[in-house]
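Enquirer: Input: one structure, supplied below.
The values are calculated or read from the model by the stated rules, or taken from the named source; none is laboratory data. Just so it is clear, the structure is predicted and the values come from calculations on it, not from any experiment. Because the Cβ atoms are built from the backbone with ideal geometry, glycine has one as well, and the counts that use them run over all protein chains shown.
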Amino acid sequence: MNSKKTQTSAETDILEAAKRIFQLKGMEGARMQEIADEAGINKALLHYYYRSKQLLFEAVFKNAFMLLAPQLNKVLNDDSSLFDKITNFSHNYISFVVKHPYLPNFIIQELNRNPEFILKLTSDKHFPSIGKFKKQVEENVVAKIIRPIKPEQLFINLFALNIFPFIASPLLKGFLGINNCDFNDLIEERKTEVASFIINAIKV
């Protein structure tokens with residue numbers, strides 16, 4: 001029992017240390033020795049749990065994403081109205097990324113560097129489905145609640161408007177001439193701003 005508990009604790013420490021190093025230096029810049037030092041273990045023990053930096057990176061990525069996936073899946077497939085769904089998606093996504101700011105850049109890194117891993121991730125049974133969301137959009141168009149729009153385009157708009165500020169944060173701070181504190185305030189406002197913008201754009 002104690003051995004199993006220690007093993008779980010060690011693995012958690014490794015993942016947390018790796019998350020901090022990857023966030024700071026990215027996949028290419030991170031070193032296994034740095035991660036071992038950050039976790040307070042030797043490099044041999046790190047390699048016992050994760051044979052390569054790639055496997056460790058994938059574990060950190062999947063661990064974080066699988067915290068978000070159930071939330072998004074629930075929002076996209078519950079029985080709320082389309083407008084509530086758009087509002088809840090923005091609020092949940094932004095709240096999550098504020099707590100895990102490295103995740104959007106992880107996704108971009110992996111899309112460019114290792115598309116096979118992304119394919120593996122999307123084939124996971126827990127990966128969010130937008131089937132119900134698409135059906136709701138189509139029904140709302142027919143009922144003339146919203147203007148004609150393809151569900152896929154609406155989802156891309158929703159996703160892009162929520163994710164872009166996190167990916168481009170240094171550039172946006174420069175354009176807007178604001179500091180981290182001001183930027184965080186803007187991000188907090190976007191929990192409702194994005195949804196309001198989209199809903200006002202599509203409603204009849």
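Enquirer: Which is hydrophobic (A, V, I, L, M, F, W, C), surrounded by 17 or more Cβ atoms within 10 Å (Cβ to Cβ) and modelled with pLDDT of 95 or more, of Ile41, Ile35, Ile21? If you could, list the steps in order and put the result at the bottom.
Expert: On the way: Ile41 fails: modelled with pLDDT of 95 or more; Ile21 fails: modelled with pLDDT of 95 or more.
Every option except Ile35 fails the conditions.
Enquirer: Show the residue pairs meeting these rules: Cβ distance below 8 Å; 6+ apart or different chains; first residue within the range 129-148 and under 14 Å from Leu76 (Cα atoms); second residue exposed (fewer than 14 other Cβ atoms within 10 Å of the Cβ) and at pLDDT below 95.
Expert: From residues that are under 14 Å from Leu76 (Cα atoms), there are no pairs.
Enquirer: Here's another thing I want to ask about it. Please find, among Leu158, Leu154, Leu172, Leu121, the residue that is in contact (Cβ under 8 Å) with a residue 40 or more places away in the chain, under 28 Å from Ala30 (Cα atoms) and either outside the structural domain of Lys62 (by TED's automatic domain parsing) or not β-branched (Val, Ile, Thr) (or both).
Expert: On the way: Leu158 fails: under 28 Å from Ala30 (Cα atoms); Leu154 fails: under 28 Å from Ala30 (Cα atoms); Leu172 fails: in contact (Cβ under 8 Å) with a residue 40 or more places away in the chain.
Only one candidate qualifies: Leu121.
Enquirer: Now a separate question. When only residues in the range 170-199 that are among the charged types (D, E, K, R) and surrounded by 15 or more Cβ atoms within 10 Å (Cβ to Cβ) count, which is farthest from Tyr93 (Cα to Cα)?
Expert: It comes out as Lys173.
Enquirer: Same structure again: For the range 100-137, which positions are within 29 Å of Ala201 (Cα to Cα) and loosely packed, with under 15 Cβ neighbours inside 10 Å?
Expert: Taking the range 100-137 first, the residues within 29 Å of Ala201 (Cα to Cα) are 101, 103-105, 107-108, 127-137.
Result: Pro101, Ile108, Phe127, Ser129, Gly131, Lys132, Lys135.
Enquirer: Scan the range 180-192 and give yes if some residue there is closer than 20 Å to Phe65 by Cα, in contact with a His (Cβ under 6 Å, 6 or more places away or on another chain) and in the same structural domain as Leu76 (by TED's automatic domain parsing), otherwise no.
Expert: yes
Enquirer: Checking the structure you have, find out if any residue of the range 75-92 is over 19 Å from Ala195 (Cβ atoms), of a type in the set (Val, Ile, Thr) and surrounded by 12 or more Cβ atoms within 10 Å (Cβ to Cβ). Lay out the reasoning, then the answer.
Expert: Of the residues in the range 75-92, the ones over 19 Å from Ala195 (Cβ atoms) are none.
No, there is no match, as no residue in the range 75-92 is over 19 Å from Ala195 (Cβ atoms), of a type in the set (Val, Ile, Thr) and surrounded by 12 or more Cβ atoms within 10 Å (Cβ to Cβ).
Enquirer: Being within 30 Å of Lys144 (Cα to Cα), within 23 Å of the chain's Cα centre (by Cα) and in the same structural domain as Pro151 (by TED's automatic domain parsing), is that true of even one residue in the range 59-67? Please lay out each step first, then the result.
Expert: Residues of the range 59-67 that are within 30 Å of Lys144 (Cα to Cα), as a first pass: none.
No, there is no match, as no residue in the range 59-67 is within 30 Å of Lys144 (Cα to Cα), within 23 Å of the chain's Cα centre (by Cα) and in the same structural domain as Pro151 (by TED's automatic domain parsing).
Enquirer: Spot the failing condition for Lys74; the list is (1) in the same structural domain as Pro151 (by TED's automatic domain parsing); (2) touching a residue at least 24 places away in the same chain (Cβ under 8 Å), and only one is missed.
Expert: Exception for Lys74: condition (2).
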